[in-house]
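A short worksheet on the structure shown next.
Just so it is clear, none of the values below were taken in a lab; they were calculated from the coordinates. Because the structure is a prediction, the values reported are computed rather than measured. No Cβ is skipped: glycine too gets one built from the backbone with ideal geometry, and neighbour counts run over all protein chains shown.
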Ligand code: NCD
Ligand code: ZN
Ligand code: ZN
């Protein structure tokens with residue numbers, strides 16, 4: 001063989017379990033070889049990764065890219081540019097768009113828009129349509145990554161299912177083999193607390209913390225765990241903020257419930273009361289950020305291997321939707337896809353977490369949970385050539401104005417962070433080079449979970465037995 005498409009030379013490769021020196025060859029979008037220099041042919045393009053670290057491409061399993069319907073907040077172009085800038089090579093997008101992604105037609109529409117615009121690969125969650133389980137089959141047939149269930153109001157979600165509907169939806173997903181991801185906060189409890197707070201005239205940012213207390217989260221977690229236990233469905237709980245949820249999950253794991261957990265950088269790194277006192281509704285997010293003691297216990301759970309994934313919950317809104325007096329009319333959420341990896345690399349430099357753990361939580365496990373492994377989340381020969389190349393010593397400031405997202409607000413504005421991505425490669429195509437997003441890069445594609453075995457985009461399909 002003369003030349004292959006791309007060669008990454010002098011790389012220090014870090015996987016979830018190993019650290020080794022290698023030269024990586026890429027051909028036709030896949031890992032062709034990984035080994036010593038002499039065994040790899042020359043490349044049409046070459047990256048000298050001397051002094052840099054090569055990770056399997058980072059997957060952000062929790063983004064809201066807002067397209068279709070709310071492109072003024074974000075679209076797949078700007079969202080995926082933010083992803084590339086943050087070293088993220090695959091995103092999994094949430095269904096709370098307009099129209100919501102709840103059936104075949106809305107899935108097709110989002111898929112088409114994303115295929116035209118996204119720089120990175122994308123998977124699409126389906127949402128739940130009340131009293132309609134037929135649509136689930138349409139979503140399933142198209143390769144939806146999983147079903148997203150909201151147990152409370154949140155952006156774009158004004159209705160949430162009754163407990164019985166949760167059980168019904170989970171039973172159907174169990175039959176179909178679809179994993180269910182949950183926003184676990186108890187909707188009714190929150191509504192009652194909000195009315196009580198409004199009745200006494202509260203409209204300050206800290207009222208948000210009282211309106212959505214940890215009890216509402218733990219209570220919803222207990223319900224969805226019970227429903228999963230009853231129906232046998234595999235579930236994933238998004239944005240867990242408290243170790244109390246982790247304890248509950250552990251006990252249901254011992255009952256045989258297959259459940260995985262996500263947390264987000266803001267729950268690990270911020271104190272809710274401090275940051276909302278300082279920044280007001282900029283830091284308003286569902287669920288709210290708890291106290292420092294909670295995040296310390298969350299770190300312990302993370303270090304103990306009890307939390308499976310870190311996602312950003314990239315939830316962009318315009319500054320004017322965030323920076324308002326009245327807490328009840330302020331939008332919840334802020335962008336995060338661009339800052340998630342740098343924030344965690346900074347924690348690596350601070351000795352809080354190892355780079356192997358970062359790979360496990362932000363690449364390998366999300367791929368395993370959502371049926372994308374080993375095509376994503378690994379650097380095995382034959383895997384998609386998705387790589388995130390980082391300079392672990394690079395120091396830069398996070399600046400809200402500098403974000404690629406349309407949403408120029410972040411509770412991490414002004415923070416100096418050590419450790420940044422400098423290259424991102426999506427199926428062999430460079431989308432981030434020397435820290436700059438390459439806007440002309442080729443388009444991302446839909447990823448579909450392994451359960452379909454060759455369905456969806458038709459691109460999946462390891463011959464059986466290669467896993
Ligand atoms: C998210 C959004 O804006 O889409 N907001 C948030 O506060 N996290 C929705 C969500 O994940 O609940
Ligand atoms: Zn949510
Ligand atoms: Zn979210």
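Among DSSP beta bridges whose residues both lie in the range 7-139, state the antiparallel percentage, nearest 5. Spell out each step's value before the answer.
Numbers: 11 of 24 bridges.
Rounded to the nearest five, the antiparallel share is 45 percent.
Remark: 324, 40 ranked as 324, 40, counting other beta-carbon atoms within 10 Å and listing the fewest first. Report, to the nearest 10°, how far helix 187-199 tilts away from the longest principal axis of the Cα atoms in the chain, using its own Cα long axis and a range of 0 to 90°. Helix 187-199 sits roughly 60 degrees off the main axis of the chain. Put in order of Cβ neighbour count within 10 Å, fewest first, the listed residues 212, 292, 172 become 292, 172, 212.
On a C-alpha basis, how far is the centre of the range 302-330 from the centre of the range 113-134 in Å? Whole number, if you could? Here the answer is 20 Å between Cα centres.
To the nearest ten degrees, helix 76-85 and the longest principal axis of the Cα atoms of the chain are 60 degrees apart. As a proxy for reagent exposure, 135, 329, 254 were ordered by neighbouring Cβ count within 10 angstrom, fewest first; the result is 254, 329, 135.
Just the number, please: percent antiparallel of the DSSP beta bridges in the chain, rounded to the nearest 5.
Details: 31 of 64 bridges.
Around 50 percent of the beta bridges assigned by DSSP in the chain are antiparallel ones.
Each part gets one Cα centre, and for the range 361-430 versus the range 83-102 those centres are 14 Å apart.
Per DSSP H run of at least 4 residues, take -39500 (n - 2.57); add these up for the chain, divide by its residues and hand me the 222 nm value, nearest 500 deg cm²/dmol. Mind showing how you got there, number by number?
On the way: 15 runs with 142 residues, N = 467.
Helix-only estimate at 222 nm: -9000 deg cm²/dmol.
Counted residue by residue at 0.36 nm each, then reduced by the alpha carbon distance between them, the extension gain from residue 18 to residue 98 reaches 24.5 nm.
Separation of the range 136-165 from the range 185-213 is 24 Å, based on Cα centroids. Helix 292-303 and the longest principal axis of the Cα set of the chain meet at an angle near 40°.
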